[in-house]
Amino acid sequence: MSVDVVQTQIGALHTTPVTGRQPRRGPGDYGRLLGRLVVVLLLIGFALVFLYPFAWLIAASLKARENVFDNTLLPSPVHWSNYADVWDQLPLLHWMFNSVTIAVLAATAVAVSSSVVAFGFAYFRFPLRNVLFGLVLGTMMLPASVTMIPTYLIWKNLGVLGTWIPLFGANLFGSAFYIFLQRQFFLGLPRELFEAARIDGASYWSMFWRIAMPLAKPSFIIVFLFEFQASWNNLQGALIYLNGGTTDGFTVPLGISYAMTRYSPTNGGHGDYQFVMVAALLVTLPLLALFAVGQRYFIEGVATQGRKG
């Protein structure tokens with residue numbers, strides 16, 4: 001670049017006025033700011049509405065017996081001793097251990113089995129594939145009350161009533177909703193990856209375990225979290241298959257239901273519902289921690305599906 005050109009550019013810079021003023025905001029800018037403010041206020045309002053029951057539960061767990069069911073969120077005085085006494089009142093550790101073990105077994109079983117079936121429907125081309133997949137989805141239309149008695153008779157004939165097996169055994173055969181969810185994810189994977197692996201001599205199981213599963217990890221974890229929550233909150237199954245045993249063998253939902261009956265004044269109790277509130281709060285914490293850890297997989301799964309669509 002010549003000296004004359006440089007001098008010309010420097011002169012142009014010196015002659016360019018620099019006012020330092022910010023661009024003026026028009027009516028449209030203020031309208032957008034107002035719209036964002038309204039959205040933020042609505043989100044805060046809805047968040048407070050959804051958080052109120054949890055805040056009430058925390059407050060009730062810190063109250064005296066006679067004040068448990070009032071609507072104040074600031075207990076006075078605060079009874080921290082409720083959190084120490086609940087372990088003597090209820091076998092809470094046994095209930096949490098039972099629920100965690102059953103939920104992990106159920107979630108792992110259904111996540112693995114559903115992934116295997118979903119990969120088969122997504123990768124293989126065979127006659128009546130769509131018909132069979134439609135039949136699998138059709139099972140979601142059956143109400144749980146329709147299959148309750150036949151399922152109970154199956155477990156009774158197998159001689160496993162009163163054990164944990166009925167609470168997770170059926171998950172070994174997959175779930176229609178999770179099969180559908182995983183199949184949609186597998187269909188988004190490039191088929192060329194599997195064809196190249198097949199040319200290199202990989203078996204179908206190797207293709208599933210070493211290619212499909214690592215790529216589908218977000219959907220696998222989502223299925224695991226959904227089923228963990230469903231198993232953790234499964235009161236009906238525990239009532240049917242575990243209600244005849246000792247209280248130490250109860251799961252969390254069945255244990256809390258037992259505590260509500262035990263402390264009920266109509267059943268000879270003294271209305272010590274503060275211990276029920278403490279137990280309900282403590283058994284909620286594992287789910288909160290689990291979903292906090294798995295939150296990024298929800299976002300990753302949605303983002304991945306959005307890129308494929």
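For every residue, the table says whether it meets (1) over 22 Å from the mean Cα position of the chain (by Cα); (2) under 30 Å from residue 159 (Cβ atoms); (3) β-branched (Val, Ile, Thr).
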position	(1), (2), (3)
243	yes, yes, no
260	yes, no, no
265	yes, no, no
271	yes, no, no
274	yes, no, no
278	yes, no, yes
281	no, no, no
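The set of residues in region 138-152 that are surrounded by 10 or more Cβ atoms within 10 Å (Cβ to Cβ), more than 25 Å from the chain's Cα centre (by Cα) and not β-branched (Val, Ile, Thr) contains only 152.
Select from region 34-79 the residues that are assigned to a helix (DSSP H, G or I) and over 29 Å from the mean Cα position of the chain (by Cα) and write down the one among them that is nearest to residue 279 (Cα to Cα). Outline the logic, then answer.
Initially, region 34-79 is screened for residues assigned to a helix (DSSP H, G or I), giving 34-61, 65-67.
Add one more test, that the residue is over 29 Å from the mean Cα position of the chain (by Cα), and what stays is 34-38, 65-67.
Working: 34: 44, 35: 42, 36: 40, 37: 39, 38: 38, 65: 14, 66: 18, 67: 17 Å.
Selected residue: 65.
Going by the conditions given, is residue 68 among the aliphatic types (A, V, I, L, M) and either loosely packed, with under 15 Cβ neighbours inside 10 Å or under 21 Å from residue 271 (Cβ atoms) (or both)?
Details: among the aliphatic types (A, V, I, L, M): yes; either loosely packed, with under 15 Cβ neighbours inside 10 Å or under 21 Å from residue 271 (Cβ atoms) (or both): yes.
Considered against the rule, which asks whether it is among the aliphatic types (A, V, I, L, M) and either loosely packed, with under 15 Cβ neighbours inside 10 Å or under 21 Å from residue 271 (Cβ atoms) (or both), residue 68 comes out as yes.
Cβ separations smaller than 7 Å between residues 6+ apart or across chains give the following pairs from region 239-260 residues that are part of a loop (DSSP other than H, G, I, E, B) to residues that are among the aromatic types (Phe, Trp, Tyr) and surrounded by 14 or more Cβ atoms within 10 Å (Cβ to Cβ): 242/250; 250/95; 250/258; 251/95. Between 269, 245, the distinction of being on the phi < 0 side of the Ramachandran plot, in contact with a Gly (Cβ under 7 Å, 6 or more places away or on another chain) and surrounded by fewer than 18 Cβ atoms within 10 Å (Cβ to Cβ) belongs to 245 only.
Any residue at all in region 154-165 that's in contact (Cβ under 8 Å) with a residue 40 or more places away in the chain, assigned to a helix (DSSP H, G or I) and under 30 Å from residue 251 (Cα atoms)? Break it down into steps so the answer makes sense when it comes.
First, pick out the residues of region 154-165 that are in contact (Cβ under 8 Å) with a residue 40 or more places away in the chain: 155, 161-164.
Checking which are assigned to a helix (DSSP H, G or I) leaves us with 155.
Imposing the further condition that a residue be under 30 Å from residue 251 (Cα atoms) reduces the set to 155.
Yes.
Of the residues in region 185-206, at least one is in the same structural domain as residue 228 (by TED's automatic domain parsing), at pLDDT 90 or above and within 22 Å of the chain's Cα centre (by Cα). Does residue 131 satisfy the criteria of being surrounded by 14 or more Cβ atoms within 10 Å (Cβ to Cβ) and among the aliphatic types (A, V, I, L, M)? Here the answer is no, as residue 131 does not meet what is asked. Among the residues of region 112-127, just one is more than 14 Å from residue 183 (Cβ to Cβ) and either part of a helix (DSSP H, G or I) or not assigned by TED's automatic domain parsing to the domain that holds residue 178 (or both), namely 112.
For the structure I just gave you, tell me whether residue 194 is aromatic (Phe, Trp, Tyr), in contact (Cβ under 8 Å) with a residue 12 or more places away in the chain and within 20 Å of residue 141 (Cα to Cα).
So residue 194 fails the test.
Taken over region 69-83, the criterion of being at pLDDT below 90 and within 16 Å of residue 280 (Cα to Cα) is satisfied by 69 alone. In region 153-200, of all residues being farther than 19 Å from residue 98 by Cα and of a type in the set (Val, Ile, Thr), the one that is surrounded by the fewest Cβ atoms within 10 Å (Cβ to Cβ) corresponds to 199.
Within region 265-273, identify whether any single residue is in contact (Cβ under 8 Å) with a residue 60 or more places away in the chain and more than 18 Å from residue 92 (Cα to Cα), and answer yes or no. Give the derivation first.
Step one: of region 265-273, the residues in contact (Cβ under 8 Å) with a residue 60 or more places away in the chain are 270-273.
Next, from what is left, pick out any that are more than 18 Å from residue 92 (Cα to Cα): 270-271.
Yes, region 265-273 contains at least one residue that is in contact (Cβ under 8 Å) with a residue 60 or more places away in the chain and more than 18 Å from residue 92 (Cα to Cα).
The values are calculated or read from the model by the stated rules, or taken from the named source; none is laboratory data. Because the structure is a prediction, the values reported are computed rather than measured. With ideal geometry, Cβ positions are generated from the backbone for all residues, glycine too; neighbour counts draw on all protein chains shown.
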